[in-house]
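What follows is a set of notes on a single structure, which appears directly below.
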Amino acid sequence: MKNIKYLLSISFCTISLLNQVYAAEDVTTPVAGETAWISNGEKLGKWWVKNPLKVESLPDTWLYHVDLSYAYSKQGGNLDAESHKAKLNFILRKQLFTSETTYDLNKRDTTVNLTETNILTHDYYFRQGFRYALLDNLEAAVGYAQEKNTTKYLDKRETYYGGLRYSAFTQPTFRWNIALFYNDSDMSFMNSAIQKIKKYSDFPDVADYSSDGVNLFSYLDWDITDTINFSNTASYVQYLKDTEFYLWNLESELSFKLSKHFSFTTSYTVNYEKNLFITNLDNYLTSRKEKGLSSGDIETTDTILAAGIKFSF
C-alpha cells in the first residue's frame, strides 16, 4: 500500500480544486417546484448511469438511487444445496460529485448425503467509489474494494484504486462507460481449506501477496424496450509485480420490469483468476500426480447462472 496515501492525496486535492472552479459557474438548473433536500430524480430519467454534466436540469439537491436484488435456488436428492445471492447498489449525487456503494453477498449451504459432509460458504464483495465530473464525458474516480471468494480460496483481498471514467455513449436508450484505473491490492489465502483435507495435509502455506496493477472496466446499459433492459459489466485486472497473474470478470443481466419498482432478472457471471495461491496449488497437485498419488484439479474459471427479483427506487 506504499502508493495509496500519495494517490488519494493527489486525487482529493484535484477534486477540491476543481470543485472551487466549478462553484463559480452556473452548472445546475433547479427543477421547477423542487424543495426537498434529497430526491430520487425521477423526472431526470436514468441519471445514475450518466455523467452529471450530461443530465439536463441537474438540481442542487442530493439525488439517490437504490437497486436491491435477490436470487434463491434449492437442490435436493443425493446433494442438498441451498443458495442465497443478494446485491445492493446505492448511488448518491450532489451536483458534480457521485458516490457509489456496492455490496454483493453469496451464501451457499451444501450437503453431500452419501458422505454426510456439509460445506458452508459465505462470500462477499464490497466497493465504495467516488467520482467527480471533469468534462461532460470524463470523470475522475477513486475508491476502495474488499472481497472474499471461497471458490478462489481468497480469504480477503483489499484494493485501493484511482483513475478516469469515460462516457463513450450517452443515448436515450443506450449508455456505455469505460474506465482505466491504477490499483494496489493486498491478498490473503485460505491455506487451511486445503490442509484440512487429510491427503493434502502437507500442502505448504502460501504467504500473503501484494501488488499494484492496472484495471480496465466497462459498463453497458441498454433499454431494449420500455420494460426490458440488458446490462453488462466487464473488468480486467493485470497485476504488475508478477505479470503472469491477472483476473477478469464478466456479468450480464437481463431484467423484465413488472411494475414501477419491481423487476424479474436473469444473470450470467463468468469469473477467471490466476493468482499466487492457484498457481502454487496447481503445481502441488501436478507434483502429486507425477508421484502416482491421488489428486484432484483446481479450476481457474467459475460461472454462475441465476434468476431472481430486483427492487429499484
Is it true that L254 is open to solvent by less than 40 Å² (accessible area, probe 1.4 Å) and within 28 Å of F181 (Cβ to Cβ)? no
Filtering region 80-91 down to residues that are of a type in the set (A, V, I, L, M) and either under 17 Å from the mean Cα position of the chain (by Cα) or within 13 Å of P59 (Cα to Cα) (or both) yields A86, L88, I91
Regarding S99, is this residue part of a strand (DSSP E or B), of a type in the set (G, A, S) and more than 30 Å from S39 (Cα to Cα)? no
Every residue from region 201-224 that is touching a residue at least 24 places away in the same chain (Cβ under 8 Å) and hydroxyl-bearing (S, T, Y): Y209, S210, S211, S218, Y219
Does T151 satisfy the condition of being under 18 Å from I298 (Cβ atoms), open to solvent by less than 30 Å² (accessible area, probe 1.4 Å), among the β-branched types (V, I, T) and modelled with pLDDT under 90? no
Examine region 119-136 for a residue that is in a strand (DSSP E or B), among the basic types (K, R) and out of contact with any Cys (no Cβ under 6 Å at 6 or more places or on another chain), and state whether such a residue exists. yes
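Tell me which residues, restricted to region 293-310, are outside any loop (DSSP other than H, G, I, E, B) and of a type in the set (A, V, I, L, M).
Selection gives I304, L305, A306, A307, I309.
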Out of the residues in region 154-175 that are of a type in the set (S, T, Y) and in contact with a helix residue (DSSP H, G or I) (Cβ under 6 Å, 6 or more places away or on another chain), which is surrounded by the fewest Cβ atoms within 10 Å (Cβ to Cβ)? T170
Within region 243-293, take every residue that is in contact (Cβ under 8 Å) with a residue 12 or more places away in the chain and among the small types (G, A, S) and give me the one that is farthest from D205 (Cα to Cα). S263
Given the conditions (1) closer than 30 Å to K54 by Cα; (2) at pLDDT 95 or above; (3) buried (at least 16 other Cβ atoms within 10 Å of the Cβ), and given that L138 satisfies all but one, which numbered condition is not satisfied? (3)
Hey, does region 51-64 have a residue that's modelled with pLDDT of 70 or more, open to solvent by less than 30 Å² (accessible area, probe 1.4 Å), of a type outside the set (A, V, I, L, M) and at positive phi? no
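The values are calculated or read from the model by the stated rules, or taken from the named source; none is laboratory data. If you're wondering where the values come from, they're calculated on a predicted model, not measured in any experiment. Note that each Cβ is placed from the backbone with ideal geometry, even for glycine, and that neighbours are counted across all protein chains shown. In case anyone asks, the SASA skips ligands and DNA or RNA and just uses the protein heavy atoms, side chains included. Shrake-Rupley method; radii C 1.70, N 1.55, O 1.52, S 1.80 Å.
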